[in-house]
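Note sheet for the following structure.
The values are calculated or read from the model by the stated rules, or taken from the named source; none is laboratory data. Worth saying up front: this structure is predicted, and the values here are computed from it rather than measured. Cβ placement follows ideal geometry from the backbone for every residue including glycine, while neighbour counts extend to all protein chains displayed. The protein model used for the area step is the full one, side chains on, heavy atoms only, and it has no ligands, DNA or RNA in it. Shrake-Rupley method; radii C 1.70, N 1.55, O 1.52, S 1.80 Å.
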Amino acid sequence: MEKQLHPKLRFPDFQGDWESKMIAEVLTIGSGKDYKHLKNGKIPVYGTGGLMTYVDNYIYDGDSVGIGRKGTIDKPVYLSGKFWTVDTLFYTHKFKDCTPRFIFNLFLNINWKLYNEASGVPSLSKATIERIKINLPSLPEQQKIADYLTTIDKKIELLEEKKTELSRYKKAMMQKLFAQEIRFKDENGNDYPEWEILKGGEIFKSHTDKNHNGDLEVLAITQEHGAIPRSMIDYKVQVSNDSVNNYKIVEKDDFIISLRSFQGGIEHSNYVGICSPAYIILRSVKTINPMFYKSFFKTRNYINELNRTLEGIRDGKMISYSNFAKSKIPYPSLPEQQKIADFLSAIDDNITKVEEQIKETQNFKKAMLQQMFV
């Protein structure tokens, strides 16, 4: 039986089958080039990882779809205006009986990894792309589909901008709050007591307890989520039983420092588990609000202070507990710690809501792509 070339979901104005063609019949694939001979300018240069730099000349001027030639081959990008692409990113032009925006969404529906031509770094060739068969409706239907999906893209873009603005606002407020440029009042409108400035070792001690018999879950230490169970993420490193027996116990609300890669601050744990001995485990010896210090340890001023004390080693820098213990750390009254923590947590809650909206909208678009294309 002949396959019916029409989508499951369709605008009511259109009928009939779509037409099957090879990509080479409807557009031309251009190759990116090296840009290092060009001067600095205002024209963007794109690779498979996105925007790279700006130059003073362009390889193409118009609407186009970028396709990864090497590396990231499964994330087509929409390009518009004057741009340059490097040799890892193809661009498309000379569209015939099709619109660039429709082609962009159609390309999002292609499983490009099926056409990978390399056993190592994923790769595509022009010849392979040109032979791929695609199904096209009439130009008016293409435009209708493209316009509809573009409204979804714009909603995602606005949500991502909102998330970025909230993140910037939080970062700015953190710097001002911890520098005491902004102070809260208590419930009676009075000032809180002046902050004590203590040494890290007066608030947190290093813990190296390994008495767990390997019966606790191994934690992964991440900059994005702090310490979380490895089962929650795609963690591929295998750990032997002997190694696990040497792991340190982490309690809820402990803080963790990587000995060899102190980059993004000190991480907080919301879980009980164990982690590699390559980490310093900090446990409070004074009553604290953990969320206050979770934010404080991420401030650029504090990260810079600790970085200035690091000990040089052959392959980078190493931090020790003694470095941390000598660092200066604020200790406000507990009610003020709580007030600051609640304020910053409220911003985090808003960021989380926006992230959920982004994910929902992205999933909605994926569903539309599956139903509106053949």
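Just read off the accessible area of Val285 with the full protein assembly in place, 1.4 Å probe, to the nearest 10 Å².
Estimated to the nearest 10 Å², Val285 gives 80 Å².
Taking H as built 1.01 Å from N, whose amide H comes closer than 5 Å to the amide H of Asp254, not counting residues under 5 places away?
Ser269
For region 223-232, in order, what is each residue's ³J(HN,Hα) by Karplus, 6.51 cos²θ - 1.76 cosθ + 1.60 with θ = phi - 60°, in whole Hz (x at glycine and Pro)?
So the J values, rounded to whole Hz, are 6, 7, 10, x, 8, 9, x, 4, 5, 7.
Given an 8 Å cut-off on Cα distances and at least 6 residues of separation, report the relative contact order of the chain as a percent.
17 percent.
Normalised by the number of residues in region 37-78, what is the relative contact order in percent for Cα pairs under 8 Å and 6+ residues apart?
Numbers: 57 pairs, mean separation 13.1, N = 42.
Relative CO of region 37-78 lands at 31 percent.
Using a Gaussian network model on the chain with a 10 Å cutoff between Cα atoms, which of Pro100, Pro12, Pro76 fluctuates the most?
Largest GNM mean-square fluctuation: Pro12.
Consider a paramagnetic label point 7 Å from the Cα of Ser125 along Cα→Cβ; state which residues of region 56-83 have an amide N under 17 Å from it.
The answer is 68-71, whose backbone nitrogens lie closer than 17 Å to the label point.
Per residue, how many Å² of accessible area does the chain show with a 1.4 Å probe?
Values: 21020 Å² over 374 residues.
Normalised by residue count, the accessible surface of the chain is 56 Å².
Just to be sure I follow: if Rg is taken over the C-alpha atoms of region 319-358 and Rh is the Kirkwood radius over the same atoms, what is Rg/Rh?
Working: Rg = 15.8 Å, Rh = 12.8 Å.
Rg/Rh: 1.24.
What are the extents of the Cα atoms of region 1-119 along their three principal axes, in Å, largest first?
That works out to 57, 37, 22 Å along the principal axes.
Taking springs between alpha-carbon atoms closer than 10 angstrom, which of Val86, Val121, Val354 fluctuates most in the Gaussian network model of the chain?
Checking each option, the largest mean-square fluctuation is seen for Val121.
Would you calculate a helix-derived [θ] at 222 nm for the chain, using -39,500 (n - 2.57) for each DSSP H run of n ≥ 4 and dividing by the full residue count, to the nearest 500?
Roughly -10500 deg cm²/dmol at 222 nm, from the helical runs in the chain.
Relative contact order for region 10-109: what percent, with Cα pairs under 8 Å and sequence separation of 6 or more?
31 percent.
Using amide H atoms built in the peptide plane, which far-off residues or other-chain residues are under 5 Å from Lys82 H to H?
So Lys82 has HN proximity to Gly62.
May I ask you to evaluate 6.51 cos²θ - 1.76 cosθ + 1.60, the Karplus curve with θ = phi - 60°, for each residue of region 30-45 and list the ³J(HN,Hα) values in order in whole Hz, giving x for glycine and proline?
Here the 3J(HN,Hα) series is x, 9, x, 9, 5, 10, 5, 7, 8, 8, 5, x, 10, 8, x, 10 Hz.
Under 10 °C and 1.306 mPa s, how fast does the chain diffuse according to Stokes-Einstein, given a Kirkwood radius computed over C-alpha pairs? Answer in µm²/s, whole number.
It comes out at roughly 63 µm²/s.
Given the Cα-Cα distance of Asp349 and Glu217 and 0.36 nm per residue of separation, how much length would full extension add, in nm?
Details: separation 132, 0.36 × 132 = 47.52 nm, distance 2.72 nm.
Gain in length upon complete extension: 44.8 nm.
Could you check which residue among Glu161, Glu336, Glu117 shows the biggest mean-square fluctuation in a GNM of the chain with a 10 Å Cα cutoff?
Highest fluctuation among the options: Glu117.
Convert each backbone phi in region 115-124 into a coupling constant with the Karplus relation 6.51 cos²θ - 1.76 cosθ + 1.60 (shift: θ = phi - 60°), then list the ³J(HN,Hα) values in order as whole Hz, x for Gly and Pro.
9, 4, 10, 10, 8, x, 5, x, 9, 10
Write out the trypsin sites (Lys or Arg not before Pro) in region 326-374 meeting two conditions: DSSP loop, and at most 15 other Cβ atoms within 10 Å of their Cβ.
Sites meeting the loop and neighbour criteria: none at all.
In terms of modelled amide H atoms, which long-range or inter-chain residues lie less than 5 Å from the amide H of Leu27?
Lys96
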